[in-house]
């Protein structure tokens, strides 16, 4: 197949476009000067400043609390929901309902939850953000687990049921072990989504101590400083590692499931 | 035998009911309480009046809808449509060739190229927007590069183009992925046949590859358009203080003006546009 060399222009343009801003961001985080615009020399001082910033430390802890809590809720509910939808109903409406939190714009979910929390007079805080994050994460977990269920062989489950096991025993002993790679992938997805989520957290946090994305948002509004760059560089490293580790894990999980 | 066969299904049916209850009810309860009830509340607020200090007064009014068709607000909706459409179009124009080339790479490079497209998407959204503030602001990198050429400095932030750049940067991966999977799935023999029959590379692309990848194009366009249209963070951070998009308006009604009924009406308009779009997309996908 002959390919026009011209095609390589948008191809490379895409990668330059995607990575140039990240590269500049990281380089400037090592700036010894006080500006995020002009590079004066190498230094790690902004990383030191970062470690000493109380607001950022609290933000990191809060983000991890919300991500962990919402991932647990979303993984349990999402897995059950996926099994229920794949095995116990043919309703297209329920299918669509389960996907809705993943499809609706985050802004719509955010105002819905804000209105609801205020209607039941719930004081906003980390737990209201956790419940909100679990809502959309559950949809993603259910979708990921679901894809493993639809392709899966049901004969083992049927055999288990024919031998007299009830739905719960069949689930625990037969379905669940087969689903583990999907559940792990779904949980990782839920965790990562929650770590980075801004819009819904912004609406449902109230006056409580914010999560990290909200801390970054308010820092950025006060101006550009290499401290944000240092934070950005660390976050980039964390998410790149997580994505690559996640990919490895699902690949190992899949090859194990095939054995 | 027959009576035995008849007697057996009973526990299975009971098992099915139990199973349906055990597996479906927790998730569905969560969805009803935290999704359907909130959306119902938002929907009902569109016909009520605002309270003096925020909140809602439960007296019927159509005022929110009359306000919605005010040219001022319709203009903002139109603005959002234009910005989102422009973003989608540019994403398609650079995303398609990228996806097309990735699909033809040897499989080792293919995975790497795909991961490289998705990777920035997994980093913090606010940070990605911040990177552009840094690049484009007055003393930023772009202006100092232009300065070396004897140009500028220009005010590169706070334009519609800046918003489009930010949206494109955030959502381009969502265009490339569905395009890639649509193109990758095509049988290479089809293209070979077309080439063997004397079609040029461009004709083959136009008559074979492109029509067969239309479902991927539609999905990609939807994936980019939806988050762009309802965005408020990017227009706020890169577009300045003006309420240029519906998202900004909604955010302001809820968090600043505290006019929840009108905010809800704007959100309903946002959903209506997206639903209309989904219907068009489904119709086009069926024809493709």
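Determine, yes or no, whether residue B:147 is away from every other protein chain (no Cβ under 13 Å) and either within 16 Å of residue B:90 (Cβ to Cβ) or over 14 Å from the mean Cα position of the chain (by Cα) (or both).
Values: away from every other protein chain (no Cβ under 13 Å): no; either within 16 Å of residue B:90 (Cβ to Cβ) or over 14 Å from the mean Cα position of the chain (by Cα) (or both): yes.
No, not satisfied.
Would you check if residue B:190 is over 23 Å from residue B:277 (Cβ atoms) and either under 30 Å from the mean Cα position of the chain (by Cα) or within 13 Å of chain A (Cβ to nearest Cβ) (or both)? So that I can check it myself, show each step before the final result.
Working: over 23 Å from residue B:277 (Cβ atoms): yes; either under 30 Å from the mean Cα position of the chain (by Cα) or within 13 Å of chain A (Cβ to nearest Cβ) (or both): yes.
Spelling it out, residue B:190 is indeed over 23 Å from residue B:277 (Cβ atoms) and either under 30 Å from the mean Cα position of the chain (by Cα) or within 13 Å of chain A (Cβ to nearest Cβ) (or both).
Scan (1) more than 11 Å from chain A (Cβ to nearest Cβ); (2) closer than 19 Å to residue A:113 by Cβ; (3) in contact (Cβ under 8 Å) with a residue 12 or more places away in the chain for the single condition residue B:252 breaks and write down its number.
Every listed condition holds for residue B:252 apart from (3).
Quick one: in region B:76-91, which of the residues that are more than 11 Å from every other protein chain (Cβ to nearest Cβ) and closer than 19 Å to residue B:214 by Cβ is nearest to the chain's Cα centre (by Cα)?
B:88
Does residue B:33 count as closer than 30 Å to residue A:117 by Cβ, assigned by TED's automatic domain parsing to the domain that holds residue B:220 and within 28 Å of the chain's Cα centre (by Cα)? First the steps, then the outcome.
Numbers: closer than 30 Å to residue A:117 by Cβ: yes; assigned by TED's automatic domain parsing to the domain that holds residue B:220: no; within 28 Å of the chain's Cα centre (by Cα): yes.
When the stated conditions are applied, residue B:33 does not pass them.
Tally up the residues in region A:27-42 that are more than 7 Å from chain B (Cβ to nearest Cβ) and in a loop (DSSP other than H, G, I, E, B), please.
Result for region A:27-42: 9.
Can you tell me how many residues within region A:76-115 are within 17 Å of the chain's Cα centre (by Cα) and more than 23 Å from residue A:202 (Cα to Cα)? Steps first, answer last, please.
Filtering region A:76-115 for residues within 17 Å of the chain's Cα centre (by Cα) gives A:76-79, A:99-107, A:109-110.
Right, trim to more than 23 Å from residue A:202 (Cα to Cα) and you get A:76-79.
Here the count works out to 4.
Considering each residue of region A:113-153, count those that are under 27 Å from residue A:86 (Cβ atoms) and free of Cβ contacts under 8 Å to residues at least 12 places away in the same chain, and give that number.
Matching residues across region A:113-153 total 2.
Could you please find all residues in region B:16-57 being closer than 30 Å to residue B:269 by Cα, buried (at least 18 other Cβ atoms within 10 Å of the Cβ) and within 8 Å of chain A (Cβ to nearest Cβ)?
B:27, B:28, B:30, B:31, B:34, B:35, B:38, B:39, B:41, B:42, B:45
Does residue B:258 satisfy the condition of being touching a strand residue (DSSP E or B) at 6+ places or on another chain (Cβ under 9 Å) and either over 28 Å from residue B:51 (Cα atoms) or surrounded by fewer than 21 Cβ atoms within 10 Å (Cβ to Cβ) (or both)?
Numbers: touching a strand residue (DSSP E or B) at 6+ places or on another chain (Cβ under 9 Å): yes; either over 28 Å from residue B:51 (Cα atoms) or surrounded by fewer than 21 Cβ atoms within 10 Å (Cβ to Cβ) (or both): yes.
Criteria met by residue B:258.
Which ranges mark the helices (runs of 4 or more DSSP H) fully within region A:93-211 that have 3 or more residues being facing chain B (nearest Cβ under 10 Å) and under 30 Å from residue B:44 (Cα atoms)?
Details: elements: A:106-119, A:126-151, A:155-162, A:167-170, A:176-196, A:199-204.
Because the criterion is at least 3 residues that are facing chain B (nearest Cβ under 10 Å) and under 30 Å from residue B:44 (Cα atoms), the helices (runs of 4 or more DSSP H) in region A:93-211 that meet it are A:106-119, A:126-151, A:199-204.
Hey, could you check region A:218-227 for residues that are in contact with a helix residue (DSSP H, G or I) (Cβ under 6 Å, 6 or more places away or on another chain) and assigned to a helix (DSSP H, G or I) and say which is nearest to the other protein chains (Cβ to nearest Cβ)?
Here is the first cut: in region A:218-227, the residues in contact with a helix residue (DSSP H, G or I) (Cβ under 6 Å, 6 or more places away or on another chain) are A:219-220, A:224, A:226-227.
When the remaining residues are screened for being assigned to a helix (DSSP H, G or I), the result is A:219-220, A:226-227.
Numbers: A:219: 9, A:220: 5, A:226: 10, A:227: 12 Å.
Restricting to residues being in contact with a helix residue (DSSP H, G or I) (Cβ under 6 Å, 6 or more places away or on another chain) and assigned to a helix (DSSP H, G or I), the top hit is A:220.
Residues that are at pLDDT below 90 and within 30 Å of residue A:175 (Cβ to Cβ): find the helices (runs of 4 or more DSSP H) completely inside region B:1-84 holding 2 or more of those.
Details: elements: B:2-7, B:9-31, B:37-45, B:63-68.
Counting at least 2 such residues, we get B:2-7, B:9-31.
Pick from B:137, B:144: which is within 24 Å of residue A:229 (Cα to Cα) and in contact with a helix residue (DSSP H, G or I) (Cβ under 9 Å, 6 or more places away or on another chain)?
Details: B:144 fails: in contact with a helix residue (DSSP H, G or I) (Cβ under 9 Å, 6 or more places away or on another chain).
None of the others qualify; the one that does is B:137.
Please find, among A:71, A:89, the residue that is surrounded by 15 or more Cβ atoms within 10 Å (Cβ to Cβ), in a helix (DSSP H, G or I) and either more than 7 Å from chain B (Cβ to nearest Cβ) or free of Cβ contacts under 8 Å to residues at least 12 places away in the same chain (or both).
Among A:71, A:89, only A:71 is surrounded by 15 or more Cβ atoms within 10 Å (Cβ to Cβ), in a helix (DSSP H, G or I) and either more than 7 Å from chain B (Cβ to nearest Cβ) or free of Cβ contacts under 8 Å to residues at least 12 places away in the same chain (or both).
Right, residue A:230: away from chain B (no Cβ under 11 Å), assigned to a helix (DSSP H, G or I) and at pLDDT below 90 or not? Let's see the steps before the verdict.
On the way: away from chain B (no Cβ under 11 Å): yes; assigned to a helix (DSSP H, G or I): yes; at pLDDT below 90: no.
When the stated conditions are applied, residue A:230 does not pass them.
Looking at (1) touching a residue at least 12 places away in the same chain (Cβ under 8 Å); (2) in a helix (DSSP H, G or I), which one does residue B:161 not meet, given that it meets all the others?
Status for residue B:161: all satisfied but (1).
If I ask for residues that are without any contact (Cβ under 8 Å) to a residue 12 or more places away in the chain and touching a helix residue (DSSP H, G or I) at 6+ places or on another chain (Cβ under 7 Å), which ones from region A:154-164 would you list?
The one that is without any contact (Cβ under 8 Å) to a residue 12 or more places away in the chain and touching a helix residue (DSSP H, G or I) at 6+ places or on another chain (Cβ under 7 Å): A:161.
The values are calculated or read from the model by the stated rules, or taken from the named source; none is laboratory data. All values reported here derive from a predicted model rather than from experimental measurement. With ideal geometry, Cβ positions are generated from the backbone for all residues, glycine too; neighbour counts draw on all protein chains shown.
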